[in-house]
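All remarks here apply to the structure that follows.
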Amino acid sequence: MKAAIRVEHLSKMYNGIPAVKDLNLSIGYGKVFGLLGANGAGKSTSVECILGTKAMDDGKVSILEMNPCKNRKELFQKVGVQFQEANYQNEIRVNEICEEIASLYRKPADWKDMLSQFGIGDKVKSPIKELSGGQRQRLFIVLALIANPQVVFLDELTTGLDAKARRDVWRILEDLKKKGLTVLLTSHFMDEVEVLCDEICILKKGETVFYGTVEKAITGSPYDKFEDAYLWYSDEETNY
């Protein structure tokens, strides 16, 4: 079966210590997939290796049935990326950064319309430095979607957002999913994962400790709530 994102036996080490070990993923077209785990579990390294921005030690990756390293230029037009910590000049205005990003793509989305959808249409002339943390987060999601991508990578997409804004983002992503967008996301909000994700992978110290649906994660644990099950798989319960 064809997959929008396929990862086979991906491994990455730092100073002889595995950061990711034998990761295998198959994410179908139009699906939302959650890559979960505690801080340091290997999520960011996995995403960077999948995107080809970090060299893997072993394994094979394809995005839209293309090699992210060999087909970087072609994939650039079809893949959107949003990171939690995005580096943009504080003085640049929202409309300026949106226009700059849009100029990179052959068929960019209507960024003004997206700013309105994400509740920051009134900030179009504002410098980034004047945006609140939640407004910045929404802007970074818009920037990832300007490409009109077929696949988008979202890192902690609703960090810093209030409850209403989080649900607005979920609704928009659900609408985009219905139009065929494939999403790989990381999140520490389990209610978000339950609402959005078709399948999940939980990492612990670089290794996969669960792969499947939220329902199967609950069934395979001693708990009847997903957050408790996640903490059990990831060993994060000792931190709460």
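The values are calculated or read from the model by the stated rules, or taken from the named source; none is laboratory data. Bear in mind that the values here come from a model prediction, so they are computed numbers and not experimental data. In this analysis, Cβ positions are derived from the backbone assuming ideal geometry, glycine residues included, and neighbour counts consider all displayed protein chains.
Does Val183 satisfy the condition of being closer than 12 Å to Phe33 by Cα and surrounded by fewer than 18 Cβ atoms within 10 Å (Cβ to Cβ)?
Criteria not met by Val183.
Every residue, every condition in (1) among the hydrophobic types (A, V, I, L, M, F, W, C); (2) closer than 25 Å to Ile17 by Cα; (3) touching a Cys at 6+ places or on another chain (Cβ under 9 Å), yes or no:
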residue: Lys31; (1), (2), (3): no, no, yes
residue: Gly40; (1), (2), (3): no, yes, no
residue: Ile50; (1), (2), (3): yes, yes, no
residue: Gly59; (1), (2), (3): no, yes, yes
residue: Leu64; (1), (2), (3): yes, no, no
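Among the residues in segment 198-220, are any of a type in the set (Asp, Glu) and more than 17 Å from the chain's Cα centre (by Cα)?
yes
Filtering segment 221-240 down to residues that are in contact with a strand residue (DSSP E or B) (Cβ under 7 Å, 6 or more places away or on another chain) and at pLDDT 95 or above, which residue is surrounded by the fewest Cβ atoms within 10 Å (Cβ to Cβ)?
Only one residue fits best here, namely Tyr233.
Residues of segment 102-113 being in a loop (DSSP other than H, G, I, E, B), within 18 Å of Arg138 (Cβ to Cβ) and small (Gly, Ala, Ser), which ones?
Correct list: Ala109 only.
Six or more apart or on different chains, Cβ atoms under 7 Å: show the pairs whose first residue is in segment 192-217 and under 13 Å from Leu36 (Cβ atoms) and free of Cβ contacts under 8 Å to residues at least 24 places away in the same chain and whose second is in a helix (DSSP H, G or I) and of a type in the set (S, T, N, Q).
none
Looking only at segment 41-78, filter to residues that are of a type in the set (Val, Ile, Thr) and in contact (Cβ under 8 Å) with a residue 12 or more places away in the chain; which one of those is nearest to Lys205 (Cα to Cα)?
The extreme case among them is Thr45.
Working carefully through the options Ile141, Ile146, Ile202, Ile120, find the one that is modelled with pLDDT of 90 or more, within 28 Å of Gly42 (Cβ to Cβ), in contact with a helix residue (DSSP H, G or I) (Cβ under 6 Å, 6 or more places away or on another chain) and buried (at least 20 other Cβ atoms within 10 Å of the Cβ).
Every option except Ile202 fails the conditions.
Of the residues that sit in segment 158-168 and are under 12 Å from Gln135 (Cα atoms) and among the aliphatic types (A, V, I, L, M), which one is surrounded by the most Cβ atoms within 10 Å (Cβ to Cβ)?
Of everything passing the filter in segment 158-168, Leu161 is surrounded by the most Cβ atoms within 10 Å (Cβ to Cβ).
Considering segment 106-118 alone, what residues qualify as being over 20 Å from the mean Cα position of the chain (by Cα) and not charged (D, E, K, R)?
The answer is Ser116, and nothing else.
Need the failing condition index for Glu99 against (1) modelled with pLDDT of 95 or more; (2) under 18 Å from Phe83 (Cβ atoms); (3) assigned to a helix (DSSP H, G or I), just the number.
Every listed condition holds for Glu99 apart from (2).
If Tyr14 meets every condition in (1) surrounded by fewer than 18 Cβ atoms within 10 Å (Cβ to Cβ); (2) of a type in the set (Phe, Trp, Tyr); (3) in contact (Cβ under 8 Å) with a residue 60 or more places away in the chain apart from one, which number is that one?
All conditions pass for Tyr14, except number (3).
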